[in-house]
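Undergrad: The structure follows.
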Amino acid sequence: MVTTHNLGFPRIGKHRELKFALEKYWSNAISQDELLQTASTLCKQYWQNQNKLDWVPVGDFSFYDQVLDMSFLLGNIPKRAENLSDNELDNYFRVARGRAFANESDCTCIQASEMTKWFDTNYHYIVPEFSQETNFSLQAQRLIEQIRQAQAQGVKAKPVIIGPVTYLWLGKSKDKINKLDLLDSLVKVYAQLFDELAKLNIEWIQVDEPILVTELEVDWQVAFREAYDILANSPIKLLLASYFGTLQDNLSLACGLPIDGLHIDAINAKDEVQLVIDSLSDNQVLSLGVVNGRNIWKTDLSATLLWLAPIHQQLQGRLWLAPSCSLLHVPVDLDSEQELDDDIKSWLGFAVQKLEELSILAQALNQGQVSVTKEIANNIAAINARKYSSLVHNDKVKERIVKVNDELGNRQSNYKNRAKLQNEKFNLPLYPTTTIGSFPQTLEVRQVRRDYRLGELSAEQYIQAIRSEIRHCVQAQEHLGLDVLVHGEPERNDMVEYFGQQLSGYAFSQFGWVQSYGSRCVKPPIIFGDISRPKPMTLDWITYAQSLTNKPMKGMITGPVTMLNWSFVRDDQPRKTTCLQLSLAIRDEVLDLEKSNINIIQIDEAALREGLPLRESQWQAYLDWAIKAYRISANGVSDETQIHTHMCYSEFNDIIGAIAQMDADVITIETSRSDMELLDIFDEFDYPNEIGPGVYDIHSPNIPSVDSMVKLMQKAAKHIPIKRLWVNPDCGLKTRHWDEVNLALTNMVLASQQLRRN
């Protein structure tokens, strides 16, 4: 019989219950007991959603991030967070976000740990920290409590943890220690954990080692063998899970480890399945991720069964079926959607539906396809309807793509000549100040958008309300003394969804929320067809804002690569083709802004690095089409128009050459959490254009001091000539409150003024 299981389930709740509970707790609106009760209720619900599985993941629930959970489980807590209080959960939040509560005293506030992207997803994890003083100790109470709660409900629990080698690989050395020197002491704690779980009658544990799909140096490959040679003595069975890609040169390594089962991503590594089967021993389980855990399209069940049948015949009871990865990356339940076009909805599957697909596949293999005849027939009809739908295909868009040439991506002059013209035009001071785009999204602003969406506000009332908020944002920036202003984006619910709603080829869910980090959730748009821009998307709002001030106003647009990487993308054509369609739509918007005398335009590519393949050998192919798409969107303007771009929390040093090829006049990046460490690359790479290294960590409620921002910029000036430096926050200010923003930006402007005097 085929065994079914899952690697992880969305933890935010069908209606973002966890998000709202967390934010209430941080603002002291609910007690910790109430927060814990919400968590308990959510766990019960999602275990119920998975009750048809043979094995249900436990331990995948997190209050903020599963990597941070692992750090606390291993007793690896930054020194600055130790002994702040006896409340572990509050210390946990301090590591994640700098403080546990909005009104917390400064004596218990700390610098939040670094945050970066989880492989090539839009999920962010809290980076583990290692030093010479790092000591691991087992602190498994929270995991054990979840297991007991699950077992009390009759759940056949399979605990989920991050494996020791991946955990070390994900972390950062704070004092140049070789992370692998910590392996022996770390593995001992894992062995202790497995002993404790055996006492709870746990039979299987899922150990996630996704770095097996990356290019590993020899010492990391050796680390796998050393770690699992020790863990092979575990009293419970180990299912080692890889996902997000192919094993390639790590295939023999993974199959040769002394483990009881191996999970591979059969969506991305389908061609490796037979090689893995041939490499495993006769007593090892093979788990195949046959349902896409990263995207929302229905699985072609008939084609999947045709492929699986001979594998099942060969493996029999050694075959397990699962999604390709944790379902953390997709929304919870499609049945909640009431406003999607019926045709488009019939093509989709969220987390609950993906588990239903898994059950259908298992039933077909275990009991014969005749037992699921109706389900297969319905699936075939949906797959074919999508394939031939007129909603998907637009001949005019396809014709425009054919006419694209390299000249569309070139500026008229090089940066040096452009900079001279732009300096004369804008006459900005040294260390010019600006923000990344958004200002706080207050309850009142969100209510205006909601009322308009529900028809409770007329178009004229909506326009006046949004204009009022824009006017407030402009006045606030002028009062603060910022040099280049933004309109604040009150009309935008999300930087991708806002634009997608105005482009053809996009669809939108009501409740398709996905966790990005902590309580931050996004609702990725769905690219189902060919993309075009029927009319201008930002022009009215930004030109109105410019009419309110004599200072330069930045036009704010989301770039094509980020629009692609932060959407659920159609899987019936190459991603690069979809990205090129997006670039042409964005180009049209940029040119319209320029015609309306908006001469500073920011095209955000926050997710450029996120789309990199996990293997460096495949990077160039991606960067070639991604940079081309950006340049086409940005470079149709005159030399006097200044193009900015922004990149969020990600290690960009290894693609700095490609970033330079974007040829943006100004790039803004995150550097405050990493204490400007990201700028070390500029000692080796002569970056030619202007750069704004973020000095205000907007993901923490902490208010940076003038002195701290001056010191950060002084560090930056050691790498970048001061004539090419800007002063700005790390990211948009949408999630912060006005009182925090006013204080932080006041300090930022004062820091810039002090730097100019110096």
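The values are calculated or read from the model by the stated rules, or taken from the named source; none is laboratory data. Everything numeric in this text was worked out from a predicted model, so none of it was measured. Don't worry about glycine lacking a Cβ; one is built from the backbone with ideal geometry, like all the others, and counts go over all protein chains shown. Keep in mind that these areas ignore ligands, DNA and RNA; they rest on the heavy atoms of the full protein, side chains included. Shrake-Rupley method; radii C 1.70, N 1.55, O 1.52, S 1.80 Å.
Undergrad: Using alpha-carbon pairs under 8 Å, 6+ residues apart, how would you state the relative contact order of the chain in percent?
TA: Working: 1421 pairs, mean separation 96.5, N = 758.
Relative contact order here is 13 percent.
Undergrad: Moving to a separate point now. Report the local net charge at Leu168: Lys and Arg +1, Asp and Glu -1, summed over other residues whose C-beta lies under 14 Å from its C-beta. Can you show the working numbers first?
TA: On the way: positive: Lys172, Lys174, Lys179, Lys188; negative: Glu129, Asp181, Asp184, Asp208, Glu209, Glu217, Asp219, Glu226.
Result for the neighbourhood of Leu168: -4.
Undergrad: Another question, then. Rounded, prolate or oblate: which fits the stretch 13-79 when a ≥ b ≥ c are the square roots of the eigenvalues of the alpha-carbon gyration tensor, with rounded for a/c under 1.5 and prolate only if a/b beats b/c?
TA: Numbers: a/c = 2.59, a/b = 1.15, b/c = 2.25.
Since a/c reaches 1.5 but b/c is at least a/b, the shape of the stretch 13-79 is classed as oblate.
Undergrad: In terms of Cα to Cα distance under 22 Å, which lysines are near enough to Lys718, apart from those fewer than 8 places away along the same chain?
TA: Within the straight-line cut-off, Lys718 pairs with Lys174, Lys176, Lys416.
Undergrad: Okay, moving on. Size of the chain along its principal axes in angstrom, Cα-based, largest extent first?
TA: 74, 62, 50
Undergrad: I want the local charge near Lys237. Using Cβ-Cβ distances under 12 Å, sum +1 for each Lys or Arg and -1 for each Asp or Glu among the other residues.
TA: Details: positive: Lys158; negative: Glu203, Asp260.
With Lys, Arg at +1 and Asp, Glu at -1, the net is -1.
Undergrad: Sum -39500 (n - 2.57) across every DSSP H segment of at least 4 residues in the chain, then divide by the residue count to get the 222 nm mean residue ellipticity, nearest 500.
TA: Details: 26 runs with 307 residues, N = 758.
For the chain, the value works out to -12500 deg cm²/dmol.
Undergrad: Please compute the per residue accessible area over the stretch 116-261 with all protein chains in place, 1.4 Å probe, rounded to a whole number of Å².
TA: Heavy-atom accessible area per residue stands at 38 Å².
Undergrad: Highest mean first, how do 456-469, 724-737 rank when packing is the count of other Cβ atoms within 10 Å averaged over residues? Write down the numbers at each step before the final one.
TA: Numbers: 456-469: 15.1, 724-737: 22.9.
Those peptides, ordered most packed to least, come out 724-737, 456-469.
Undergrad: Please report, to two decimal places, log10 I(q)/I(0) for the stretch 182-264 at q = 0.22, 0.23 Å⁻¹ as given by the Debye formula with identical point scatterers on the Cα atoms and no solvent.
TA: -1.07, -1.15
Undergrad: How far is the Cα center of the stretch 317-374 from the Cα center of the stretch 524-569, in Å?
TA: 34
Undergrad: Lys and Arg at +1, Asp and Glu at -1: add these up for the other residues within a Cβ distance under 11 Å of Ile720 and post the number.
TA: Working: positive: Lys715, Lys718, Lys723, Arg724; negative: Asp683, Asp686, Glu690.
Taking every other residue near Ile720 into account, the sum is +1.
Undergrad: Continuing with this model, one more query. Do the alpha carbons of any pairs in Lys52/Lys199; Lys19/Lys117; Lys270/Lys628; Lys270/Lys403; Lys158/Lys270 sit beyond 23 Å of each other, and which pairs? Don't skip to the answer; put the middle values down first.
TA: Details: Lys52/Lys199 26 Å; Lys19/Lys117 19 Å; Lys270/Lys628 30 Å; Lys270/Lys403 35 Å; Lys158/Lys270 25 Å.
Long pairs (Cα-Cα over 23 Å): Lys52/Lys199; Lys270/Lys628; Lys270/Lys403; Lys158/Lys270.
Undergrad: Classify the stretch 282-335 from the C-alpha gyration tensor, please: rounded if a/c falls under 1.5, else prolate or oblate depending on whether a/b exceeds b/c.
TA: Numbers: a/c = 3.46, a/b = 1.72, b/c = 2.01.
Verdict is oblate for the stretch 282-335.
Undergrad: For the stretch 520-670, restrict the atom set to alpha-carbon positions and state the Rg and Dmax in Å.
TA: Just the Cα atoms of the stretch 520-670 yield Rg and Dmax of 15.5, 50 Å.
Undergrad: May I pose another question? Excluding residues on the same chain fewer than 8 positions from Lys396, give the aspartates and glutamates whose Cα lies under 17 Å from its Cα.
TA: Excluding near neighbours in sequence, the set is Asp530, Asp588.
Undergrad: Based on a Kirkwood Rh over C-alpha pairs, give the Stokes-Einstein translational diffusion coefficient of the stretch 379-494 at 37 °C and viscosity 0.692 mPa s in µm²/s.
TA: Values: Rh = 19.3 Å.
In µm²/s, the coefficient is 170.
Undergrad: Express in nm, to one decimal, how much length is gained between Glu460 and Leu36 on full extension, taking 0.36 nm for each residue of separation and deducting their alpha carbon distance. Don't skip to the answer; put the middle values down first.
TA: On the way: separation 424, 0.36 × 424 = 152.64 nm, distance 4.43 nm.
In short, 148.2 nm is gained.
Undergrad: Two-decimal Rg/Rh of the stretch 1-147 from alpha-carbon positions, Kirkwood Rh?
TA: Working: Rg = 16.3 Å, Rh = 16.6 Å.
Result for the stretch 1-147 is an Rg/Rh of 0.98.
Undergrad: Quick one: order His312, His5 from most to least accessible surface, probe 1.4 Å. The partial results should precede the final answer.
TA: Values: His312 25, His5 0 Å².
These residues rank, largest area first, as His312, His5.
Undergrad: If you don't mind, another one. In the chain, what percent of the accessible surface is made up of carbon and sulfur (1.4 Å probe, ligands and nucleic acids excluded)? Show your work: numbers first, answer last.
TA: Working: 13720 of 29200 Å².
Result for the chain: 47 percent of the exposed heavy-atom area is carbon or sulfur.
Undergrad: Let me check I have the definition right: for the stretch 583-736, take the eigenvalues of the Cα gyration tensor, multiply each by 5, take square roots. What are those semi-axes in whole Å, largest first? Don't jump to the answer; show the numbers that get you there.
TA: Numbers: eigenvalues 126, 78, 47 Å².
Equivalent-ellipsoid dimensions as semi-axes: 25, 20, 15 Å.
Undergrad: If the reach is capped at under 14 angstrom between alpha carbons, list the aspartates and glutamates near Lys179, excluding any in the same chain fewer than eight residues apart.
TA: Glu129, Glu133, Glu217, Asp219
Undergrad: While we're on this one: For the chain, which DSSP H helices look membrane-span-like by this rule: Cα extent along the axis of 18 Å or more and mean Kyte-Doolittle of at least -1.0? Write out the running numbers ahead of the final one.
TA: Numbers: long enough: 32-49 (26 Å, -0.95); 183-198 (22 Å, 0.62); 218-231 (20 Å, 0.17); 301-315 (20 Å, 0.86); 351-367 (24 Å, 0.21); 373-387 (21 Å, -0.42); 459-480 (32 Å, -0.57); 575-595 (30 Å, -0.21); 619-634 (22 Å, -0.04); 738-757 (28 Å, -0.16).
Span-like helices in the chain: 32-49, 183-198, 218-231, 301-315, 351-367, 373-387, 459-480, 575-595, 619-634, 738-757.
Undergrad: Starting from a Cα-only point model with no solvent, please compute log10 I(q)/I(0) by Debye for the stretch 443-536 at q = 0.23 1/Å.
TA: -1.23
Undergrad: If the limit is 25 Å between Cα atoms, which of Lys14/Lys554; Lys420/Lys551; Lys24/Lys734; Lys14/Lys156 go over it? List each step's numbers first, then the result.
TA: On the way: Lys14/Lys554 37 Å; Lys420/Lys551 19 Å; Lys24/Lys734 18 Å; Lys14/Lys156 23 Å.
Too far apart for the 25 Å limit: Lys14/Lys554.
Undergrad: Among Lys172/Lys237; Lys172/Lys576; Lys44/Lys523; Lys523/Lys595, which pairs are too far apart, with a Cα-Cα distance over 28 Å?
TA: Numbers: Lys172/Lys237 30 Å; Lys172/Lys576 33 Å; Lys44/Lys523 24 Å; Lys523/Lys595 32 Å.
From Lys172/Lys237; Lys172/Lys576; Lys44/Lys523; Lys523/Lys595, over 28 Å: Lys172/Lys237; Lys172/Lys576; Lys523/Lys595.
Undergrad: Using packing as a proxy for protection, rank 488-494, 575-581 so that the peptide with the highest average count of other Cβ atoms within 10 Å comes first. Numbers along the way, then the final one.
TA: Values: 488-494: 23.1, 575-581: 21.4.
Per-residue Cβ counts within 10 Å, averaged per peptide and sorted highest first, yield 488-494, 575-581.
Undergrad: Please quote Rg/Rh for the stretch 320-432 to two decimal places, taking the Kirkwood radius as Rh and restricting both calculations to Cα atoms. The partial results should precede the final answer.
TA: Details: Rg = 25.4 Å, Rh = 19.7 Å.
Reported Rg/Rh, Kirkwood definition of Rh: 1.29.
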